[in-house]
Amino acid sequence: MFVSFSVGNTGPFKEVTGITTVAENLKKEFLEENTFEVSGQNYNKISYLYGANGSGKTNFLSALTKMQKIVIMSTVLGANNNKLLEVPAIKKELASPIETFKFDVDCKSEATYFEIQLFLEGILYSYSFSTQDGKIQEEILTKKNKRTEILIKRTSPNYEDIILRSNMASFKKMVSVVRDDALCLAMAAMLNNSLANMILDEIMSYRVINMASVENAPDFDENNTNDKAIERYLKYLKIADPTLTNLKIDLESKLDKHVLNDDDLDNKELIIKNIQVSVLSMHATYKNHKQIGEIELPFLKYESNGTIRMLRILPAVFEILDVGGVLFIDEIENGLHPNLVKLLVGLFNSNETNPQNAQLVCTTHDTLLLNNVRRDQVWFTDKNQYGETQINRLSEFPNVRGNENIGAKYLQGVFGAVPDIPDFE
């Protein structure tokens, strides 16, 4: 379960800033509808991130994906396999260093910071690390049940400066494999430490989708294109296009193989599976308003932009709802009618469609979503004149009551995070 994420010295974030899903106990509005309880604490099902264009909303979600990539690259680097490092996708990622905050000259010589908090099996885990010039400078993992306990404490790129305790103590005899450019937690997971595996599995399960470029949405596969899944998609797609009668989704797999060791008798290979998807939509045909048959049409050619975006995002939405995972969506309203956006977020608020307490974090400009929300669900990205973005919670603003028209106040600039438009004569 996702609790919080913070980042500092990257993109527009000079100082460490972030969001949390922890609900504030004093805020009672929509408590039953919009939150769920774990171990006596309420957490928000949905978190909304508002802000002006260029204020850092997309950068915040990109920081999460960057953290995930650092985890992946740590295992790649730790494998010490030169052939693996030559795989184009991996080579490209390794050639993309983290960009520090650009508008303060001192930040170039300072580390970038990431921190994430997770609630797993009744325990709160906090994991943070800082990186500079490709080297891991600090790394800390703690767990909190009744008290806080440090499991990993790293104070330099050198593996000799790593302290391991409790569930991580079994990794001590192998800690020398940790490179200065790789995360200790990732290496421990690669070598089958059960706690490290559980934490990294959770972090890597978080889906981040940009609705402005939905090509990075989860691909279709054999698990989400069966008859039951297609029937589920149709239920919601027909709201966008009532003329739809059915869908036909065909998959064609292509395997790209990369030999890892030329002299390895086991012929070990990295196999990358690409799936090409063909989607046809079925529509009824009529004569004198009486149905006489059906016609198949290429979905991407004949359907509206909004209907296409709905289909591309629904597999991810239902996958997250089914397992109780976490979904991050950038510009959730992009290409969608406000009623369809309301429908999507409603899937997460409903106990019927979200029995596993899945969570949604989304960036948006849609002020209609500010109706029927808790004040601690809403966050604002606000950039100052020096290019520095801070993320502020609506509930932190004074004199804001739960029954107020939050959308109107936001557009009036009461909370900042809106474009400063001058009067033109």
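The values are calculated or read from the model by the stated rules, or taken from the named source; none is laboratory data. This one's a predicted model, so the numbers in the text were calculated from it and none came from an experiment. Virtual Cβ from ideal backbone geometry, glycine too; neighbours counted across all protein chains shown. These accessible areas exclude ligands, DNA and RNA; they are computed on the full protein's heavy atoms, side chains included. Shrake-Rupley method; radii C 1.70, N 1.55, O 1.52, S 1.80 Å.
Selection of first residues in region 57-80 that are without any contact (Cβ under 8 Å) to a residue 12 or more places away in the chain and farther than 14 Å from PRO97 by Cα and of second residues that are among the β-branched types (Val, Ile, Thr) and open to solvent by less than 20 Å² (accessible area, probe 1.4 Å), restricted to Cβ pairs under 8 Å at least 6 apart or on distinct chains, gives an empty result. Would you please list the contacts, defined by Cβ atoms under 7 Å and residues six or more apart or on different chains, that run from a residue in region 284-296 that is touching a residue at least 24 places away in the same chain (Cβ under 8 Å) and closer than 15 Å to LYS248 by Cβ to a residue that is of a type in the set (A, V, I, L, M) and surrounded by 10 or more Cβ atoms within 10 Å (Cβ to Cβ)? Sorted first by the residue in region 284-296, then by its partner, the pairs are GLU294/MET282; GLU294/ALA284; GLU296/LEU280; GLU296/MET282. Taken over region 18-49, the criterion of being more than 29 Å from LYS146 (Cβ to Cβ) and at pLDDT 95 or above is satisfied by ILE46, TYR48, LEU49. If you go through region 307-339 and keep only what is surrounded by 15 or more Cβ atoms within 10 Å (Cβ to Cβ) and farther than 25 Å from LEU64 by Cβ, you end up with THR307, ILE308. Of the listed requirements (1) open to solvent by less than 50 Å² (accessible area, probe 1.4 Å); (2) in a strand (DSSP E or B); (3) touching a residue at least 24 places away in the same chain (Cβ under 8 Å); (4) not hydrophobic (A, V, I, L, M, F, W, C), SER130 misses just one: (3). Just one of the listed residues (LEU164, LEU195) is at pLDDT 95 or above, out of contact with any Asp or Glu (no Cβ under 8 Å at 6 or more places or on another chain) and within 26 Å of LEU360 (Cα to Cα), namely LEU195.
Identify, please: which residue in region 11-53 is within 22 Å of the chain's Cα centre (by Cα) and basic (Lys, Arg) and is, among those, least open to solvent (accessible area, probe 1.4 Å)? Spell out the reasoning first.
First, pick out the residues of region 11-53 that are within 22 Å of the chain's Cα centre (by Cα): 11-23, 34-38, 42-53.
Of the ones still in play, those that are also basic (Lys, Arg) are 14, 45.
Values: LYS14: 52, LYS45: 1 Å².
Among residues in region 11-53 that are within 22 Å of the chain's Cα centre (by Cα) and basic (Lys, Arg), the one least open to solvent (accessible area, probe 1.4 Å) is LYS45.
Screening THR75 against (1) surrounded by 18 or more Cβ atoms within 10 Å (Cβ to Cβ); (2) in a helix (DSSP H, G or I) leaves a single unmet condition, (1). Residue count for region 228-244 satisfying the condition of being closer than 18 Å to GLY335 by Cα and under 25 Å from the mean Cα position of the chain (by Cα): 3. Looking only at region 297-306, residues that are under 16 Å from ILE249 (Cβ atoms), in a helix (DSSP H, G or I) and open to solvent by 50 Å² or more (accessible area, probe 1.4 Å) come to 3 in all. Just one of (1) surrounded by 17 or more Cβ atoms within 10 Å (Cβ to Cβ); (2) assigned to a loop (DSSP other than H, G, I, E, B) trips up THR353, so point out which. It is condition (1) that THR353 fails.
For every residue, the table says whether it meets (1) outside any strand (DSSP E or B); (2) out of contact with any helix residue (DSSP H, G or I) (no Cβ under 8 Å at 6 or more places or on another chain); (3) aliphatic (A, V, I, L, M).
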position: GLN117; (1), (2), (3): no, yes, no
position: GLN137; (1), (2), (3): no, yes, no
position: ILE140; (1), (2), (3): no, yes, yes
position: ILE150; (1), (2), (3): no, yes, yes
position: PRO157; (1), (2), (3): yes, yes, no
position: PHE171; (1), (2), (3): yes, no, no
position: ASP181; (1), (2), (3): yes, no, no
position: LEU185; (1), (2), (3): yes, no, yes
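In region 154-183, the residue that is nearest to ILE70 (Cα to Cα) out of those that are surrounded by 24 or more Cβ atoms within 10 Å (Cβ to Cβ) and out of contact with any Leu (no Cβ under 8 Å at 6 or more places or on another chain) is LEU183.
Taken across region 81-101, residues that are under 23 Å from the mean Cα position of the chain (by Cα), at pLDDT 90 or above and at positive phi do not occur at all. Scanning region 92-114 for residues that are crowded, with 18+ Cβ neighbours inside 10 Å and either touching a helix residue (DSSP H, G or I) at 6+ places or on another chain (Cβ under 9 Å) or free of Cβ contacts under 8 Å to residues at least 40 places away in the same chain (or both) yields ILE98, THR100, PHE101, THR112, PHE114. Annotation note: of ILE46, ILE19, the sole residue that is within 24 Å of PRO355 (Cβ to Cβ) and not aromatic (Phe, Trp, Tyr) is ILE46.
If you go through region 229-243 and pick out every residue that is at pLDDT 90 or above and either exposed (fewer than 13 other Cβ atoms within 10 Å of the Cβ) or assigned to a strand (DSSP E or B) (or both), you end up with 2.
Here ARG312 meets each of (1) under 24 Å from LEU234 (Cβ atoms); (2) free of Cβ contacts under 8 Å to residues at least 24 places away in the same chain with one exception, condition (2).
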